[in-house]
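See below for the structure under consideration.
The values are calculated or read from the model by the stated rules, or taken from the named source; none is laboratory data. These figures come from a predicted structure and were not determined experimentally. All Cβ positions, even for glycine, are placed from backbone atoms using ideal geometry, and neighbour counts span all protein chains on display.
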């Protein structure tokens with residue numbers, strides 16, 4: 001016993017008496033042997049360690065000996081752990097650190113895609129950019145028109161016109177599901193705004209071509225919108241403007257696992273039109289009532305159930321004077337319902353599942369006539385509906401590579417109801433399946449290979465579309481990307497009724513080739529993209545409806561954004577050159593379509609004055625003239641006339657402040673501030689002798705509004721949950 | 001008897017070892033804290049941060065080293081011109097301060113730093129982060145004052161915050177100055193709980209107060 005005690009005491013003594021010192025020295029580098037300054041090198045579970053100097057060199061002494069663990073940590077790099085045996089003297093240690101996985105260093109497929117997201121770091125835009133762009137007027141589509149590839153001067157038509165494609169060839173998807181009526185009711189000679197509030201979405205991808213096999217039925221473009229998850233807090237909002245008012249409320253449960261909310265809004269342009277004279281004579285000034293509701297419920301650890309419901313009623317009527325002095329009357333009452341229910345979550349570590357369903361219905365009650373006096377009841381009704389279900393499964397292989405596959409089914413109806421012919425309804429069962437892989441060969445090289453199979457019961461036909469993209473990272477900041485694919489789309493059902501109830505035409509096709517170079521470094525972005533598109537099987541309406549149209553589009557686009565060079569200033573410039581011709585619908589020969597301008601450019605700038613908490617912005621849009629139909633021209637000169645060039649300077653200012661605890665933004669916006677004449681085309685008299693220009697209803701539009709939001713006071717909750 | 005003697009011996013040995021260990025901890029902390037007021041460059045602060053991190057991994061139950069790592073991140077953020085590092089610094093500060101908060105809940109000093117970290121988020125991107133982190137920073141500093149009304153750093157942080165906030169957002173140079181003056185008085189009488197407890201900030205407060213008065 002005594003012996004043991006003695007031994008024990010000896011041991012304790014040994015710890016101090018016989019401790020030997022080891023000098024640990026070396027250099028911390030990255031794999032290319034560049035020294036890393038500021039790394040922390042230490043023996044685990046001891047106080048001993050050092051920080052590397054400007055060249056990466058370090059040294060420190062320790063009295064520990066035997067088996068030890070050396071560790072090196074450095075912000076932005078994976079930490080390194082090494083087992084060592086220390087026995088006095090000098091111990092050489094030259095750790096090589098690898099950069100930690102960093103989203104910024106991984107290649108992304110950029111060909112054809114503009115993304116706005118807060119979650120992802122390498123995006124050209126942020127969601128806030130969409131609402132702060134002067135010419136957008138708070139409309140997502142308005143902001144997208146300042147990006148390369150989109151037309152800006154199509155102020156007389158509904159839709160997004162991308163790279164020589166018509167408005168119907170660009171589709172909108174919410175949480176993966178097709179939206180049939182993303183715009184407010186179409187009225188001739190007016191641009192339509194998007195129905196959905198940009199604040200509903202956390203991420204937006206605007207694809208001008210070459211997009212994923214997950215999406216179909218858009219020959220030129222896909223706008224992919226991802227709805228918000230759980231809100232950050234309970235809040236109330238109030239919007240007051242010169243065109244209407246809105247009120248909203250959202251509640252976030254205390255456990256942050258559930259939220260519910262809704263908005264109501266009413267707009268009426270009568271007071272504004274009373275103040276500012278409009279060219280057309282309004283028989284019913286634009287009026288709309290809308291309401292929306294959402295619900296979010298977390299399920300388990302990773303699942304989220306989302307519901308969104310929308311209803312809107314709008315009413316507008318006006319007369320325009322035809323060249324011969326007669327009046328053309330048009331009035332539409334529209335009702336629209338949109339619902340979207342989705343669930344997404346992880347199944348284990350390697351699987352992600354996304355399920356969705358959506359139902360939407362649109363009613364249009366239209367009265368239109370050529371008449372000298374009041375509108376005669378030449379009434380017709382257009383209805384459409386779309387019910388769909390969709391499922392997508394993703395299997396992850398490692399950190400980056402994944403395989404996605406899924407299927408969707410859509411049941412759609414289109415009905416045309418006219419007092420002379422009664423109701424005619426088209427019904428389609430459309431189904432599609434797709435598979436796609438994001439294959440990361442290295443963090444610098446990715447291939448996306450996809451295949452989509454589609455079938456339509458109405459067309460009694462199926463199509464297979466292959467898609468492929470490649471992207472390669474050249475350096476830290478730049479990369480090249482290529483995309484190719486086939487894109488099919490059903491013909492527009494309206495064409496059928498406009499052409500004596502002709503037979504239903506088949507699928508139309510576009511093939512895209514896109515080459516992109518992108519440079520993004522901190523606050524500067526540069527992109528250049530060239531593309532070639534080939535159309536075939538386009539629907540023509542001369543005689544019967546046939547799929548014998550064709551065409552092409554090619555172009556070059558530039559985009560430059562800089563948030564850095566000028567203090568508190570953010571600007572971007574985009575330029576698109578487009579060369580396109582097509583033979584489709586009623587075109588007797590291949591011609592540049594009426595919705596395509598050859599040169600389009602936009603300058604968007606925002607400057608923030610911190611002292612007065614005000615941000616000023618302007619947008620200048622320019623486009624060369626668009627072709628218009630002149631009945632006096634011989635057929636050989638079909639669509640060879642051009643409207644004058646389009647110019648639009650929009651201004652906006654927003655002032656941020658607090659009013660009684662509410663974050664308040666006052667907004668002032670002016671479109672076409674310089675009052676430049678904008679001509680979208682001409683309307684001819686039946687004999688072609690007289691014409692009137694198609695122009696906006698008023699030269700300028702001035703918007704004044706205030707948006708207030710109250711966070712509901714939950715101080716302790718915020719404190720408890722912020723980590 | 002022997003057994004009793006033996007266990008007594010072991011007990012005293014254990015106590016001696018632990019006292020020695022505690023002594024080592026305090027010494028290591030004192031060494032890391034030495035000269036903290038005269039740090040001028042982000043590199044110097046990073047070296048200090050590394051020292052505190054080493055102590056933190058050796059003493060996983062102690063809140064002070066973790067707390068000082070959080071302080072160092074905010075100092076590096078203030079001094080480092082390389083904005084690409086700012087977001088990782090915010091992330092690191094949040095991580096360590098969350099740990100400090102769990103090791104020592106409801107501590108006024110930790111709340112001061114959490115309020116500072118929220119302020120870093122705002123400076124990262126005022127337009128995007130202001131609406132969320134502005135009120136959060138305010139709530140955190142109010143909580144710090146409520147937890148310890150004698151904490152000079154809480155008055156200082158609140159004063160600086162209010163001084164630099166534009167009037168529309170509830171800021172006021174006058175009110176800010178008043179709070180910094182209160183902080184200066186509290187600094188004069190402040191006695192840290194030990195040689196390693198938070199005692200920083202007196203000179204920084206005086207510096208900003210002079211600047212504010214000079215205007």
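Numbers below:
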| item | result |
| --- | --- |
| Members of the stretch B:93-121 that are within 12 Å of chain A (Cβ to nearest Cβ) and surrounded by fewer than 21 Cβ atoms within 10 Å (Cβ to Cβ) | B:94, B:95, B:98, B:99, B:102, B:105, B:106 |
| Qualifying strands (runs of 3 or more DSSP E) (wholly inside the stretch A:165-218; at least 3 residues being buried (at least 22 other Cβ atoms within 10 Å of the Cβ)) | A:170-174, A:201-207 |
| Elements of type strands (runs of 3 or more DSSP E) in the stretch A:29-97, at least 3 residues being within 8 Å of chain B (Cβ to nearest Cβ), at pLDDT below 95 and over 52 Å from the mean Cα position of the chain (by Cα) | none |
| Hits in the stretch B:129-143 - residues which are facing another protein chain (nearest Cβ under 9 Å) and over 16 Å from residue A:658 (Cα atoms) | B:139, B:140, B:142, B:143 |
| Elements of type strands (runs of 3 or more DSSP E) contained in the stretch A:424-539, each with 2 or more residues being under 29 Å from residue A:396 (Cα atoms) and modelled with pLDDT under 90 | A:508-521 |
| Qualifying position, being closer than 22 Å to residue A:152 by Cβ, touching a strand residue (DSSP E or B) at 6+ places or on another chain (Cβ under 9 Å) and surrounded by fewer than 19 Cβ atoms within 10 Å (Cβ to Cβ), among A:628, A:622 | A:622 |
| Residues that are within 14 Å of another protein chain (Cβ to nearest Cβ) and touching a residue at least 24 places away in the same chain (Cβ under 8 Å), drawn from the stretch B:147-164 | B:147 |
| Residue that is surrounded by the most Cβ atoms within 10 Å (Cβ to Cβ) [pool: residues in the stretch A:597-618 that are more than 22 Å from the chain's Cα centre (by Cα) and touching a residue at least 60 places away in the same chain (Cβ under 8 Å)] | A:597 |
| Residue satisfying all of: in the stretch B:190-215; more than 19 Å from the chain's Cα centre (by Cα) and assigned to a helix (DSSP H, G or I); surrounded by the fewest Cβ atoms within 10 Å (Cβ to Cβ) among these | B:214 |
| Sole residue being at pLDDT 95 or above and in a helix (DSSP H, G or I), chosen from B:128, B:112 | B:112 |
| Unique residue being more than 26 Å from the chain's Cα centre (by Cα) and either within 14 Å of another protein chain (Cβ to nearest Cβ) or outside any strand (DSSP E or B) (or both) when the list is A:237, A:279 | A:279 |
| Some residue of the stretch B:169-177 being under 24 Å from residue A:654 (Cβ atoms), part of a helix (DSSP H, G or I) and outside the structural domain of residue B:106 (by TED's automatic domain parsing) | yes |
| Residue list for the stretch A:61-76, restricted to those being more than 11 Å from residue A:40 (Cβ to Cβ) and surrounded by 15 or more Cβ atoms within 10 Å (Cβ to Cβ) | A:62, A:64, A:65, A:68, A:70 |
| Out of A:160, A:125, sole residue that is surrounded by 14 or more Cβ atoms within 10 Å (Cβ to Cβ), more than 14 Å from every other protein chain (Cβ to nearest Cβ), touching a residue at least 60 places away in the same chain (Cβ under 8 Å) and touching a strand residue (DSSP E or B) at 6+ places or on another chain (Cβ under 9 Å) | A:160 |
| Those residues of the stretch A:98-110 which are modelled with pLDDT of 85 or more and over 23 Å from residue A:208 (Cα atoms), in sequence order | A:98 |
| Residue match in the stretch A:411-420 (condition: assigned by TED's automatic domain parsing to the domain that holds residue A:281, part of a loop (DSSP other than H, G, I, E, B) and free of Cβ contacts under 8 Å to residues at least 12 places away in the same chain) | yes |
| Count of the stretch A:654-670 residues which are buried (at least 17 other Cβ atoms within 10 Å of the Cβ) and away from chain B (no Cβ under 14 Å) | 3 |
| Residues (within 31 Å of the chain's Cα centre (by Cα) and outside any loop (DSSP other than H, G, I, E, B)) located in the stretch A:619-642 | A:619, A:620, A:621, A:622, A:623, A:627, A:628 |
| Residue list for the stretch A:128-151, restricted to those being closer than 18 Å to residue A:221 by Cα, touching a helix residue (DSSP H, G or I) at 6+ places or on another chain (Cβ under 8 Å) and assigned to a loop (DSSP other than H, G, I, E, B) | A:139, A:145, A:146 |
| Those residues of the stretch B:71-88 which are more than 12 Å from chain A (Cβ to nearest Cβ) and farther than 24 Å from residue B:196 by Cβ, in sequence order | B:81 |
| Filter result for residue A:253 (free of Cβ contacts under 8 Å to residues at least 24 places away in the same chain and within 30 Å of residue A:325 (Cα to Cα)) | no |
| Failed criterion for residue B:50 (all others in (1) at the interface with chain A (Cβ under 7 Å from one of its Cβ atoms); (2) part of a loop (DSSP other than H, G, I, E, B) hold) | (2) |
